[in-house]
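The values are calculated or read from the model by the stated rules, or taken from the named source; none is laboratory data. The shown structure was predicted, so the numbers you read here are calculated from the model rather than taken from an experiment. Positions of Cβ are generated from backbone atoms using ideal geometry, with glycine treated the same way; all protein chains shown enter the neighbour counts. Calculation scope for accessible area: heavy atoms of the full protein, side chains included, ligands and nucleic acids excluded. Shrake-Rupley method; radii C 1.70, N 1.55, O 1.52, S 1.80 Å.
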Amino acid sequence: MHQLTLAEIARGLADKQFSSEELTRSLLARIQQLDPQLNSFISLTEELALQQAKAADARRAGGENGALLGAPIAHKDLFCTQGIRTSCGSKMLDNFKAPYDATVVAKLAAAGAVTLGKTNMDEFAMGSSNESSYYGAVKNPWNLAHVPGGSSGGSAAAVAARLLPAATGTDTGGSIRQPAALTNLTGIKPTYGRVSRWGMIAYASSLDQGGPLARTAEDCALLLQGMAGFDAKDSTSVDEPVPDYSASLNNSLEGLRIGLPKEYFGPGLDPRIAELTLACVKELEKLGAVVKEISLPNMQHAIPAYYVIAPAEASSNLSRFDGVRFGHRCENPVDLTDLYKRSRAEGFGIEVQRRIMVGAYALSAGYYDAYYLQAQKIRRLIKNDFMSAFNEVDVILGPTTPNPAWKLGEKNNDPVAQYLEDIYTITANLAGLPGISMPAGFVEGLPVGVQLLAPYFQEGRLLNVAHRYQQVSDWHQQSPAGF
Ligand code: GLN
C-alpha cells in the first residue's frame with residue numbers, strides 16, 4: 001500500500017479496495033519500522049490519525065468523495081497544530097503545544113486528510129541540509145550518509161522513503177524545491193500570497209510560502225488544491241480564485257516557450273546536472289515546447305541580498321522567543337537581562353544565533369542603508385529581470401541545485417558553502433514567483449531535480465509541464481533501495 005500515490009489512494013478509497021483506517025494503520029507501522037534510519041519525524045500523531053481516518057471512512061460511507069478524504073499526510077513541524085507539539089525543530093519550542101491550527105492544517109483537515117505526524121526540519125527553517133534541527137539530522141533515503149536537503153528535509157525524506165504519499169513544507173529560499181530535488185520528489189513553492197501563512201511560524205515573512213511535496217505533479221496538484229486560497233487572517237494572502245489544478249494537468253505543451261537563462265549554466269554547476277537538465281529540455285521539445293536563451297543579469301547578487309533580507313526579518317520575527325512571551329526559559333534567572341540572555345542562548349542553536357546577529361547588524365542604525373536598503377534594491381532588480389524574461393517566454397527552466405546531495409557533516413563548518421547551494425531557488429522567493437522542482441535523473445545514485453519558474457499565479461502551468469514530463473519519463477517512479 002505504501003507505493004500508492006495520493007491519486008491512486010483516492011481511487012482505492014472510492015472503490016472500497018481499502019479503508020482510510022487500514023491504510024493509516026499500515027503506514028504508521030511502516031513509519032515505526034523504518035523511520036529510525038531516517039529521523040524524518042519529530043512527532044507521530046497516531047491517536048489523531050486514527051480518529052481522522054475513521055471519520056473520513058464514515059464520511060465516505062455517507063456518500064462524500066473528495067480527493068483528500070482519508071488521505072494520509074504529515075505537516076512540517078512549523079505549521080501550528082492545536083494541542084500538538086509544534087517545535088520548529090528548536091529546543092526553544094520543544095514543549096510548545098500550539099493553541100490553534102494553522103490555516104493550512106485546518107483546511108486539509110476539513111478536506112478529510114489524515115495527519116500522521118509532524119516532520120523534522122532545520123531549526124526555524126534555516127538551512128539546506130536538515131542538520132540544524134534540535135532533534136538531530138535527517139538522512140537521505142537514497143544514501144543514508146547524505147543529507148536530504150532542507151529545511152523541509154523531514155517531509156522530503158519521509159515521502160521519498162514511501163513512509164507516506166505526501167507532506168507539507170515551506171519555502172523561504174528553496175526549502176520545498178531543494179529537498180524535493182535531493183530526494184527525487186516533486187515539490188512546488190506557490191506564488192507569495194497563494195497559500196495562507198497564518199499559523200506558520202515565521203522565518204522571513206516576506207519570503208515564506210507553504211506548499212506540497214509529493215512524488216508526482218498530479219499529487220502536488222491535489223494537495224495544493226487543498227492548501228491554496230484567500231485567508232482574511234493573513235494580510236498578505238491574495239484574494240484570487242484558485243483554479244482547478246488537476247483539470248489543466250494534461251494541457252498541450254505545443255508552442256510553450258521555455259527560457260534557459262544563460263547565467264544558470266556557468267561554473268559552479270555540476271556538469272552532469274547540466275547534462276540531465278538539457279536532456280529534460282529535449283523531452284519537452286518533443287512535446288512541442290520551443291526553447292530560447294534568456295538572461296537574468298542580476299542573479300549573481302541574489303545570494304548576498306537574500307542572506308541580508310532573510311536574517312533581517314528573522315531577527316525581528318524571532319524576538320518573541322524570549323522565555324517570557326514564548327519559548328524555553330532558563331533556570332533561576334538572577335534578573336530580567338539574565339533571563340533573556342540565557343533563555344535565548346540555551347534555546348537557539350548556532351545557525352539561528354548566527355542569523356539573528358547578522359540580521360540585527362544589517363538593520364542597525366548606520367548599517368541599514370548600506371546592507372538592508374541595498375538588498376531591497378537588488379530584490380527589485382531581480383524581480384525586474386524576471387518581468388522582462390516573462391515578456392519573451394512562458395516558463396524558465398534550469399537545475400534546482402548546483403550539486404546533488406552532499407555528505408552529512410560536509411558543509412557544517414562552512415555556512416557560506418551551504419548558502420551557495422540556494423543559487424537557483426532563492427530568486428523565486430525574492431520575486432514572489434511560483435517554482436516547481438521535478439525529478440530529472442541521477443548522479444552516482446543521487447537524485448537530480450529540474451526547476452521551472454512561471455509568472456505570478458501560474459502554478460497550474462508549472463504542474464501541467466511537470467505532469468506532461470512525468471508521462472514521458474520515469475525518474476519520479478524510482479524508489480530508494482531498502483525502502
Ligand atoms: N537555505 C535557505 C536558508 O537557509 C532557505 C531555507 C528555507 O527556504 N526555509 O535560509
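The value of relative contact order for region 90-177, using C-alpha pairs under 8 Å at least six residues apart, is 22 percent. Backbone geometry of region 136-151 corresponds, through the Karplus equation with coefficients 6.51, -1.76 and 1.60 at θ = phi - 60°, to 3J(HN,Hα) couplings of x, 5, 9, 9, 7, x, 6, 6, 5, 8, 10, 6, x, x, x, 8 Hz, x marking Gly and Pro.
Would you work out the relative contact order for the chain, in percent, from Cα pairs under 8 angstrom that are 6 or more residues apart?
Value for the chain: 18 percent.
Of all DSSP-defined beta bridges confined to the chain, some 70% are antiparallel rather than parallel.
Pairwise Cα separations in region 256-319 fall into 5 Å bins from 0 onward with the following percentages, short to long: 4, 14, 16, 17, 15, 11, 9, 8, 5, 2, 0.
Ellipsoid fit via the Cα gyration tensor, region 154-220: semi-axes of 20, 11, 10 Å, each the root of five times an eigenvalue, largest first. The largest-to-smallest principal axis extents of the Cα set in region 310-399 are 63, 32, 20 Å. Spread over its residues, the convex hull of the C-alpha atoms of region 93-147 is 118 Å³ per residue. Solvent-accessible area assigned to carbon and sulfur over region 51-176 amounts to 51 percent, based on a 1.4 Å probe.
With coordinates expressed along the principal axes, the C-alpha atoms belonging to region 232-348 extend over 70, 41, 23 Å, beginning with the largest. Ordered from largest to smallest accessible area (heavy atoms of protein chains, 1.4 Å probe), the residues Thr337, Thr24 come out as Thr337, Thr24. Qualifying GluC sites (Glu not before Pro) in region 241-278, where qualification requires a DSSP coil assignment and no more than 14 other C-beta atoms within 10 Å, comprise Glu254.
Would you mind estimating how fast the chain diffuses translationally, via Stokes-Einstein at 20 °C and 1.002 mPa s with the Kirkwood radius over Cα pairs, in µm²/s? This corresponds to a translational diffusion coefficient of 97 µm²/s. Taking every Cα-Cα distance in region 340-483 and sorting them into 10 Å bins from zero, the calculated P(r) comes out as 9, 27, 30, 24, 9, 1 percent.
Assuming a ≥ b ≥ c are the square roots of the Cα gyration tensor eigenvalues, decide whether region 391-464 counts as rounded (a/c under 1.5), prolate (otherwise, with a/b larger than b/c) or oblate. Oblate is the answer for region 391-464, as a/c is 1.5 or above yet b/c matches or exceeds a/b. Percent of C-alpha pairs per 5 Å bin in region 1-122, short distances first: 2, 12, 22, 22, 19, 13, 7, 2, 1, 0.
Using DSSP H assignments, which helices in the chain have an axial alpha-carbon span of 24 Å or above and a mean Kyte-Doolittle hydropathy of -0.5 or higher?
Values: long enough: 20-38 (26 Å, -0.45); 374-392 (28 Å, -0.77).
Span-like helices in the chain: 20-38.
Sort largest first and round to whole Å: the equivalent ellipsoid semi-axes of region 342-384, each the square root of five times a Cα gyration tensor eigenvalue. Whole-Å semi-axes of the equivalent ellipsoid: 27, 13, 5. The alpha-carbon of Lys16 sits under 17 angstrom from the alpha-carbons of these aspartates and glutamates, leaving out residues fewer than 8 places away in its chain: Glu8, Asp57, Glu64.
Give me the compactness ratio for region 40-199, meaning the Cα radius of gyration over 2.2 N^0.38 Å. It would help to have the intermediate numbers written out before the result.
On the way: Rg = 15.0 Å, N = 160, 2.2 N^0.38 = 15.1 Å.
Ratio of Rg to 2.2 N^0.38 Å for region 40-199: 0.99.
Proximity of backbone amide H atoms, modeled 1.01 Å from N, is registered between Leu296 and Lys262, Glu263 at under 5 Å, excluding neighbours fewer than 5 places apart on the same chain. Coordinate range of the alpha-carbon atoms in region 440-483 per principal axis, descending: 39, 18, 17 Å.
I'd like the projected area of region 298-363, averaged over all directions, using the convex hull of its alpha carbons. Report it in nm² with one decimal. Kindly include the intermediate steps, with their values, before the conclusion.
On the way: hull surface 19.2 nm².
Reported value for the Cα convex hull: 4.8 nm².
Carbon-plus-sulfur fraction of the accessible area of region 237-304, 1.4 Å probe, in percent? Carbon and sulfur: 54 percent of the exposed surface of region 237-304.
Given a 1.4 Å probe, how much area per residue of the chain is accessible, in Å²? Mind dumping the intermediate values first?
Working: 17520 Å² over 483 residues.
I get 36 Å² per residue for this part.
Between Phe321, Ala10, Gln51, whose Cα lies farthest towards the positive end of the dipole of the chain when Lys and Arg beta carbons carry +1 and Asp and Glu beta carbons carry -1, centred on the Cα centre? Value: Phe321.
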